1. When the chain is fully extended, how far beyond the present Cα-Cα distance does residue 122 get from residue 35, taking 0.36 nm per residue of separation?
2. Between 0 and 90 degrees, rounded to the nearest ten: what's the tilt of helix 149-160 against the longest Cα principal axis of the chain?
3. Test of understanding: what is the full-extension gain from residue 324 to residue 291, defined as 0.36 nm times their sequence separation minus their Cα-Cα distance?
4. Compute the acute angle (0 to 90°) between the alpha-carbon long axis of helix 191-200 and the principal axis of greatest extent of the alpha-carbon atoms of the chain; round to the nearest 10°.
5. Based on other C-beta atoms within 10 Å, arrange 94, 176, 318 from fewest to most.
6. May I ask for log10 I(q)/I(0) of the chain at q = 0.12, 0.14 Å⁻¹, from a Debye sum over the Cα atoms as equal point scatterers with solvent left out?
7. Let's test the formula: R0 of 30 Å, r as the Cβ-Cβ distance of residue 14 and residue 68. What FRET efficiency results, to the nearest 0.05?
8. At a 10 Å Cβ-Cβ cut-off, how would you order 326, 245, fewest neighbours first?
């Protein structure tokens, strides 16, 4: 089904969801083909959107060579971006990558969505790659949380298009080397609200997905932007989008900054505790991008070597490590729990 603004309704469209009055009674039932009199009644009602059955005309024409070529380029660019995503050793990404490409291919078939991907690719080479990377990790978290169907699609599309508002920011600011001025940074921050406006007016994109663009720079402690909201005021999908946006940024190479390793990035994110992200989101990210198998050899940030013996939590994000050698290779025996929230100065930097 498709969501459209009330003012864009036309006769002949078929309702995908029933419309209810203030008393809870059905005003127009699901499956009703709208007439001019129906539309006149809708205009007088206090509603913003309605949901209609999809129209095949909203899909790109199989004979439209330009649109088909754009679709192929987008999918190819996505494959290249997925080749560069960074996860820990022993993490299987095959199923997530397949789902990512499946949903992206579906979205590329929509006339109202494909142009957004095209504009993002035109805007900046890094922008689309970063979009796909964050989308991949959001899908990974969503799938592990047993999201399926429409809800998984809403999360994925919201994460993928979270930075679409950047297309409205002057190119000289987006592509500027070095630090931005305060005025330029304020302009960049405008992309969250700009992206929300772009997405909420798109009939093929839900408000849930649009809110991922609006809220992905909000933080759990209310220190983010654009509205400075926090905790449960931030939609669950926007919280997922926010933490995966940060992770994908930190683990990616850019012209101005070298990528951090998976484990260094996770340690930094874990140290934030409940400041920037909900603790459950932090645990879910770690559980998805890092696997610490019992028996695996690890190197700690103090260059000591250890072996994983078990876990101090059910999510297996706090491994119990027996340290077997110091930074000089001398044998020792010390059992430690790797929990950055308790001991922020000791964490795993390598798993072998």
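Just so it is clear, none of the values below were taken in a lab; they were calculated from the coordinates. Here the structure is a predicted model, which means the values were calculated and not measured. Ideal geometry is used to build each Cβ from the backbone, glycine not excepted, and the neighbour counts take in all protein chains shown.
1. That works out to 27.3 nm of additional length.
2. 70 degrees
3. 9.9 nm
4. So the helix axis and the longest Cα principal axis differ by about 40 degrees.
5. By the 10 Å Cβ count, ascending, the order reads 94, 176, 318.
6. Debye curve over Cα of the chain, log10 I(q)/I(0) at q = 0.12, 0.14 Å⁻¹: -0.93, -1.17.
7. Result of the calculation: an efficiency of 0.60.
8. 326, 245
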